[in-house]
Amino acid sequence: MNGTTSTETTSTTIVERLPARDIDLSCRPPLMLFFGSGLIWLFVGTLFALIAAIKLHGPGFLANIPWLTFGRIEPAAANCVVYGFGVQVSLGVLLWMMCRLGGMRLLFQPALCVAGFLWNVALTAGIVAILAGWSTGCEWLEMPHFSAVLMLVAYALIGVCAITNFHLRRDRALYPSQWYILGALFWFAWIFSAAYLMLILAPVRGAFQAVVNAWYISNLTDLWFASVGIAIIYYFVPKLLNRPLYSRPLAAFGFWTLAFFAQWLGMTRLISGPVPAWMPSVSIAAAALMLVPLISVAMNWYLTAEGRTNVLRQIDTGRFIWFAAISYVVATFALILMGHRSTAAVTQFTYAEVGRTALVLHGFLGMALLGALYYIVPRITEFQWPALKHVRLHFTLYAVGVALLVFGLFAGGILQGLRMNQSTADFVALIKSTVPFIGISTLGLLLLLAGQALALKNFFTLSHRSNAHVRAYAIDFITGRETIRRGA
Amino acid sequence: MSRKNRQQDRKAGSAGAPERRATEAVHVAGDEREPVTENRPVPVLLVALLVALLFWGDMYIMRNGGDVGGEAGAFPASVFDPYKKYADIPRAGGSQIGAKMYAQNCSICHQPGGTGIPGQFPPLAGSDWVLEEGPNRVIKLILNGIQGPITVNGQPFNNAMPQWRDMMTDEQIAAVATYIRSTWGNKAPPVKPEEVKAQRDATASRSTTWSPAELMAQPTK
Amino acid sequence: MNAGPLVFLGILLSTALSFWGLVIAPAFQLGRQDLVETGAGPYPTGRTGAAQRGAEVYRSLGCVECHTQQVRPRGYGTDIARGWGVRRTVAQDYLRDQPALLGALRIGPDLSNIGARSPDIRWHYEHLYNPRKLVPGSMMPAYRFLFDKRKLAGTPPQNAIVDDGYEIVPTEDADALVAYLLSLQSQVSLLEAPLPAPATNAVPGDAGTNAPAGDTNTAAKTNVAAPTP
């Protein structure tokens with residue numbers, strides 16, 4: 001591959017983008033750290049979730065170990081997957097996309113590596129703390145002070161590096177993914193620090209804690225994860241199909257409607273809760289308005305891929321992206337349907353809510369991040385996946401696993417809610433009747449774990465080879481020898 | 001693919017340095033090209049949907065806790081049930097004193113919901129005694145109590161209600177009278193402290209409880 | 001849409017608007033709440049000593065993962081009909097809860113009024129030690145690690161469970177947790193959430209059960225009932 005500089009003309013300026021190879025290679029050190037640790041956290045988190053799910057079949061399972069009691073292992077699982085995999089791998093993918101779209105290589109690699117290291121240290125300490133009992137009690141924010149502060153420091157470092165990279169980009173025109181990336185970079189910093197301040201550092205009083213907590217969870221799920229996933233799908237669908245995105249104005253319309261409406265969600269959790277009635281009402285209206293960004297992005301994706309979805313599904317990454325897109329549509333429809341007083345009377349406090357979160361975390365975000373990871377890693381290391389068949393197998397396991405997991409939770413949850421609303425139904429009996437559906441979800445989790453194990457093996461074999469190569473290259477460079485034949 | 005890589009590895013240089021994969025297989029055609037966009041306009045129907053949903057959303061919020069009859073202003077913090085009207089909830093200020101007085105003093109007999117106990121204590125909700133337009137009889141009743149057989153809403157009662165003259169100030173009696181006249185569906189004009197003072201002065205010499213006959217003879221205005 | 005700073009400004013505006021609307025504005029409303037005077041003194045009373053330590057144990061064990069502490073109004077779900085509460089919970093109830101653990105999933109019953117529903121202290125200890133003995137089929141794990149099992153020697157301590165030659169003595173955490181559970185009550189009549197008038201045909205021993213409610217039209221009962229799950 002000769003290092004040609006591709007040039008494009010945008011209106012009056014000529015853009016001198018760096019060759020893709022240079023950009024990719026510059027991303028290698030921090031991104032391999034983010035991705036490797038992210039995959040480990042995903043596996044650990046799903047393992048914890050599996051233990052928790054088994055406890056729902058038989059509460060005596062590992063019941064005597066305080067470290068593994070349900071009330072601790074369930075939040076530990078959530079935090080592992082959300083922060084260890086969700087946020088960390090997202091940051092890696094967003095950085096890469098930003099560099100590629102801006103035509104500029106990644107700067108500040110050492111700082112980013114330090115940030116990744118800090119993030120993982122903070123998370124490890126936090127998970128251990130949760131299992132040991134030092135939980136804050138706030139959902140998805142159970143990690144104590146030191147973890148949250150370290151994570152904020154690490155994120156600030158990554159954010160500053162990212163914004164500087166963005167500022168120094170060569171291609172000044174912005175592709176829709178970059179709007180979402182900008183939003184994501186800012187939004188996590190804002191919601192995490194505000195939630196940390198108002199719930200952990202200087203807790204607000206009483207029921208207001210539930211308000212801030214619900215605001216945080218909803219923003220993280222339906223704003224931040226949505227932004228990351230949408231950015232990834234906007235990037236890969238046109239790229240893999242070699243077609244332009246259907247409509248830029250429609251993409252802008254979808255972005256701004258998401259930005260302005262998705263942040264008002266969250267109080268649907270507190271329908272008929274101890275908060276003034278206007279708050280859930282505002283969130284219900286916002287949930288209905290989410291139909292607009294949903295249609296916008298779905299239309300854009302569908303019409304970009306029109307007629308060529310089977311081609312998309314033939315490509316390894318494309319399969320994951322396709323599934324992620326469908327998951328996003330289903331999850332947002334579920335959000336709109338469940339965000340209404342009449343439906344919430346059934347789904348509130350049931351597994352259905354857990355199921356929707358699982359669909360977003362694994363079906364939408366997980367699939368999108370994994371698809372991006374499978375695309376990016378060979379390019380930044382210049383090593384092919386050792387077992388390409390396992391990539392395809394991973395997708396199949398994951399697709400079936402997510403379907404089972406989400407179906408089990410939704411069906412179980414709706415049953416739970418319907419029966420809970422019949423005051424004559426004995427509570428213990430109705431919970432028992434949901435156990436078969438939890439069984440389906442547990443099977444789904446097992447399949448997810450199997451897929452993740454394949455990914456781990458693939459990743460670390462590749463990483464080992466790549467590291468060995470880098471070491472050999474470094475030795476050659478220092479000693480002046482030429483043991484390695486540089487490829488074309 | 002992996003076997004080919006291993007063969008290439010063996011053919012590679014010394015020191016066990018693994019040969020690199022095939023760069024060509026990694027970078028597929030089109031890798032250099034970043035996605036671009038086209039400029040088709042936003043569908044008008046989608047914009048129309050947005051406007052329609054905004055309109056619906058606004059109406060929904062107004063009807064469900066957002067706008068409650070104007071007096072308290074919009075988005076009150078004390079309306080927890082979305083379909084409730086603010087008028088159903090005792091308001092802050094004077095009404096809170098009235099509600100507190102009622103809870104502390106009156107609800108023991110007349111019950112928190114103003115229902116009374118059939119045969120024992122008359123109801124206040126929908127009571128013809130309470131709903132009279134002029135408040136003077138009600139004020140006098142509170143000041144000096146009542147004892148003897150009465151009829152409330154067609155039901156007979158025969159019990160004793162204590163005197164509150166020395167237990168509550170003019171403001172407190174005005175507040176509690178306003179409260180019972182504006183809660184549980186009652187809609188009678190409020191009572192002012194000056195009116196209570198006037199009635200108190202007018203009955204200054206009275207120390208005994210009213211009998212029903214005496215009280216009914218009193219004017220209401 | 002090509003200018004980074006402009007896009008960022010829009011992002012900032014969207015965030016500022018929603019943060020103001022959903023967090024700042026409610027802070028003015030809910031943040032200004034204060035204790036209210038009721039017949040029995042200021043409400044809510046707040047927790048001290050063992051009950052507050054118990055709140056920490058509750059948080060540390062993650063009880064909030066399965067149990068909620070919010071009662072929905074009559075007519076919306078069956079929280080009140082099941083006897084989980086006598087009235088809906090409102091913001092005033094949580095004013096002095098630190099932390100306020102409202103919960104979001106019900107794999108177990110609601111606990112906001114458990115102190116009034118199940119006032120028997122021994123029931124709580126036995127339930128924590130062996131839930132399935134008291135509630136067959138219960139999904140709750142047995143919190144054996146909150147207790148010390150010792151050979152019976154002489155008279156057992158006050159709250160110990162005697163079982164087959166052993167005495168099962170609650171640790172400090174168990175004592176605190178039970179004290180906290182007993183302090184969970186939401187039965188005070190408030191302006192925004194008044195207690196419904198008690199029914200004159202109240203059936204004692206029937207209130208606050210998750211078993212089939214005999215008469216779902218009966219108004220809430222304020223009398224304390226037998227221990228129930």
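Do we find that A:Trp41 is more than 9 Å from chain C (Cβ to nearest Cβ) and surrounded by fewer than 16 Cβ atoms within 10 Å (Cβ to Cβ) in this structure? Outline the logic, then answer.
Numbers: more than 9 Å from chain C (Cβ to nearest Cβ): yes; surrounded by fewer than 16 Cβ atoms within 10 Å (Cβ to Cβ): no.
Here the answer is no, as A:Trp41 does not meet what is asked.
Filter segment A:434-457 down to residues that are farther than 26 Å from A:Gly417 by Cβ and small (Gly, Ala, Ser), then give me how many there are.
Residues flagged as farther than 26 Å from A:Gly417 by Cβ and small (Gly, Ala, Ser) within segment A:434-457 amount to 4.
Condition (residue is touching a residue at least 12 places away in the same chain (Cβ under 8 Å), assigned to a helix (DSSP H, G or I) and either of a type in the set (S, T, N, Q) or within 30 Å of A:Thr268 (Cα to Cα) (or both)) applied to segment C:119-142: is it met by at least one residue?
Checking segment C:119-142: not a single residue is touching a residue at least 12 places away in the same chain (Cβ under 8 Å), assigned to a helix (DSSP H, G or I) and either of a type in the set (S, T, N, Q) or within 30 Å of A:Thr268 (Cα to Cα) (or both).
All but one of (1) in a loop (DSSP other than H, G, I, E, B); (2) buried (at least 23 other Cβ atoms within 10 Å of the Cβ); (3) at the interface with chain A (Cβ under 7 Å from one of its Cβ atoms) hold for C:Ala104, so report the exception by its number.
Here C:Ala104 clears every test but (2).
Looking at this structure, is A:Ala194 among the aliphatic types (A, V, I, L, M) and either closer than 18 Å to A:Ile321 by Cβ or assigned to a loop (DSSP other than H, G, I, E, B) (or both)? Spell out how you get there, then give the answer.
On the way: among the aliphatic types (A, V, I, L, M): yes; either closer than 18 Å to A:Ile321 by Cβ or assigned to a loop (DSSP other than H, G, I, E, B) (or both): no.
For A:Ala194, the condition - among the aliphatic types (A, V, I, L, M) and either closer than 18 Å to A:Ile321 by Cβ or assigned to a loop (DSSP other than H, G, I, E, B) (or both) - is not met.
Rundown of residues vs (1) closer than 14 Å to B:Gly98 by Cα; (2) in contact with a strand residue (DSSP E or B) (Cβ under 8 Å, 6 or more places away or on another chain); (3) of a type in the set (Ser, Thr, Tyr); (4) in contact (Cβ under 8 Å) with a residue 40 or more places away in the chain, yes/no style:
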site	(1), (2), (3), (4)
B:Arg137	no, no, no, yes
B:Lys140	no, yes, no, yes
B:Asp170	yes, no, no, no
B:Asn186	no, no, no, yes
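Name the residues in segment C:67-88 that are facing chain A (nearest Cβ under 7 Å), out of contact with any Lys or Arg (no Cβ under 7 Å at 6 or more places or on another chain) and farther than 18 Å from C:Ser118 by Cα, would you?
Narrowing segment C:67-88 to residues facing chain A (nearest Cβ under 7 Å): C:68, C:70, C:72-73, C:76-78, C:81-82.
Subset that is out of contact with any Lys or Arg (no Cβ under 7 Å at 6 or more places or on another chain): C:70, C:76-78, C:81-82.
Scanning segment C:67-88 gives C:Tyr76, C:Gly77, C:Thr78.
Enumerate the pairs (first residue in segment B:65-88 and in a loop (DSSP other than H, G, I, E, B) and crowded, with 21+ Cβ neighbours inside 10 Å; second residue anywhere and hydroxyl-bearing (Ser, Thr, Tyr) and at pLDDT below 70) with beta-carbon separation below 7 Å, excluding pairs fewer than 6 apart on the same chain, so at least 6 apart or on different chains.
Going by the 7 Å Cβ cut-off, the qualifying pairs are B:Val68/B:Tyr86; B:Pro76/B:Tyr86; B:Val79/B:Tyr86.
Output the number of residues of segment B:144-191 satisfying the condition of being assigned to a strand (DSSP E or B), buried (at least 17 other Cβ atoms within 10 Å of the Cβ) and of a type in the set (Val, Ile, Thr).
The number of residues fulfilling the criteria is 3.
Taking into account only those residues within segment A:420-473 that are of a type in the set (Ser, Thr, Tyr) and surrounded by fewer than 20 Cβ atoms within 10 Å (Cβ to Cβ), which is nearest to C:Asp110 (Cα to Cα)? Reasoning before the result, please.
If we filter segment A:420-473 for residues that are of a type in the set (Ser, Thr, Tyr), which is where we start, we get A:423-424, A:433-434, A:441-442, A:461, A:463, A:466, A:473.
Still in the list and also surrounded by fewer than 20 Cβ atoms within 10 Å (Cβ to Cβ): A:423-424, A:433, A:461, A:463, A:473.
Details: A:Ser423: 14, A:Thr424: 16, A:Ser433: 19, A:Thr461: 49, A:Ser463: 49, A:Tyr473: 63 Å.
The extreme case among them is A:Ser423.
In the set C:Glu126, C:Glu192, which member is touching a helix residue (DSSP H, G or I) at 6+ places or on another chain (Cβ under 8 Å), within 30 Å of B:Tyr102 (Cα to Cα) and either crowded, with 20+ Cβ neighbours inside 10 Å or not β-branched (Val, Ile, Thr) (or both)? Quick ask: steps written out before the conclusion?
Values: C:Glu126 fails: within 30 Å of B:Tyr102 (Cα to Cα).
Checking each option against the conditions leaves just C:Glu192.
Here are A:Ala425, A:Ala403, A:Ala399, A:Ala358: which of them is under 27 Å from C:Arg132 (Cβ atoms) and among the hydrophobic types (A, V, I, L, M, F, W, C)? Spell out how you get there, then give the answer.
Details: A:Ala403 fails: under 27 Å from C:Arg132 (Cβ atoms); A:Ala399 fails: under 27 Å from C:Arg132 (Cβ atoms); A:Ala358 fails: under 27 Å from C:Arg132 (Cβ atoms).
Just a single option satisfies the conditions, and that option is A:Ala425.
Hey, any hits in segment C:34-55 for a residue that's aliphatic (A, V, I, L, M) and out of contact with any helix residue (DSSP H, G or I) (no Cβ under 9 Å at 6 or more places or on another chain)? I'd like the intermediate steps shown before the answer.
Here is the first cut: in segment C:34-55, the ones aliphatic (A, V, I, L, M) are C:35-36, C:40, C:50-51, C:55.
Now narrow it down to the ones that are out of contact with any helix residue (DSSP H, G or I) (no Cβ under 9 Å at 6 or more places or on another chain): C:40.
Checked segment C:34-55: at least one residue is aliphatic (A, V, I, L, M) and out of contact with any helix residue (DSSP H, G or I) (no Cβ under 9 Å at 6 or more places or on another chain).
Mind checking which pairs have a first residue in segment B:111-135 that is more than 9 Å from every other protein chain (Cβ to nearest Cβ) and over 20 Å from B:Ala175 (Cβ atoms) and a second that is of a type in the set (S, T, N, Q) and not in a loop (DSSP other than H, G, I, E, B), Cβ under 7 Å, 6 or more apart or different chains?
From residues that are more than 9 Å from every other protein chain (Cβ to nearest Cβ) and over 20 Å from B:Ala175 (Cβ atoms), the pairs are B:Gln120/B:Asn159; B:Phe121/B:Asn159.
Filter segment B:189-221 down to the residues that are touching a Pro at 6+ places or on another chain (Cβ under 9 Å) and over 13 Å from B:Ile139 (Cβ atoms) and list them by number. Break it down stepwise before answering.
In the first step, residues of segment B:189-221 are kept if they are touching a Pro at 6+ places or on another chain (Cβ under 9 Å); the result is B:189-192, B:195-196, B:199, B:209, B:212, B:220-221.
Result: B:Thr209, B:Pro212.
Quick check on segment C:73-90. Is at least one of its residues of a type in the set (A, V, I, L, M, F, W, C) and more than 15 Å from the chain's Cα centre (by Cα)? Steps first, please.
Kept after step one, since they are of a type in the set (A, V, I, L, M, F, W, C), are these residues of segment C:73-90: C:80-81, C:84, C:86, C:90.
Those still in the list that are more than 15 Å from the chain's Cα centre (by Cα) too: C:81.
Yes, the conditions are met somewhere in segment C:73-90.
Considering A:Leu68, A:Leu62, A:Leu56, which residue is at positive phi, within 12 Å of chain C (Cβ to nearest Cβ) and out of contact with any Ser or Thr (no Cβ under 6 Å at 6 or more places or on another chain)?
On the way: A:Leu68 fails: at positive phi; A:Leu56 fails: at positive phi.
Criteria check complete, one pass: A:Leu62.
I'd like to know if segment A:396-405 contains one or more residues that are outside any helix (DSSP H, G or I) and hydroxyl-bearing (Ser, Thr, Tyr).
As a first pass, look at segment A:396-405 and keep what is outside any helix (DSSP H, G or I): none.
Looking through segment A:396-405, none of the residues is outside any helix (DSSP H, G or I) and hydroxyl-bearing (Ser, Thr, Tyr).
Just need a number here: residues in segment A:122-179 that are of a type in the set (S, T, N, Q) and touching a strand residue (DSSP E or B) at 6+ places or on another chain (Cβ under 9 Å).
From segment A:122-179, those of a type in the set (S, T, N, Q) are A:124, A:135-136, A:147, A:164-165, A:177-178; that's our starting set.
Right, trim to touching a strand residue (DSSP E or B) at 6+ places or on another chain (Cβ under 9 Å) and you get none.
Number satisfying all stated conditions: 0.
Taking only segment A:197-219 into account, find how many residues are closer than 15 Å to A:Glu142 by Cα and either surrounded by 22 or more Cβ atoms within 10 Å (Cβ to Cβ) or facing chain C (nearest Cβ under 10 Å) (or both).
Count: 11.
Any chance you could count how many residues in segment A:56-81 are in contact with a helix residue (DSSP H, G or I) (Cβ under 7 Å, 6 or more places away or on another chain) and within 19 Å of A:Glu142 (Cβ to Cβ)?
Here the count works out to 15.
List every residue pair whose Cβ atoms sit under 6 Å apart, with the two residues 6 or more apart in sequence or on different chains, where the first one lies in segment A:335-348 and is in a helix (DSSP H, G or I) and the second, anywhere, is of a type in the set (Ser, Thr, Tyr).
Filtered contacts from segment A:335-348: A:Leu337/A:Thr343; A:Met338/A:Thr347; A:Ala345/C:Tyr76.
Just give me the residues in segment A:121-135 being in contact (Cβ under 8 Å) with a residue 60 or more places away in the chain and surrounded by fewer than 22 Cβ atoms within 10 Å (Cβ to Cβ), in sequence order.
A:Leu131, A:Ala132, A:Gly133
The values are calculated or read from the model by the stated rules, or taken from the named source; none is laboratory data. No experiment lies behind these values; they were computed from the predicted model shown. As a convention, Cβ positions derive from the backbone with ideal geometry for all residues, glycine included, and neighbour counts pool all protein chains shown.
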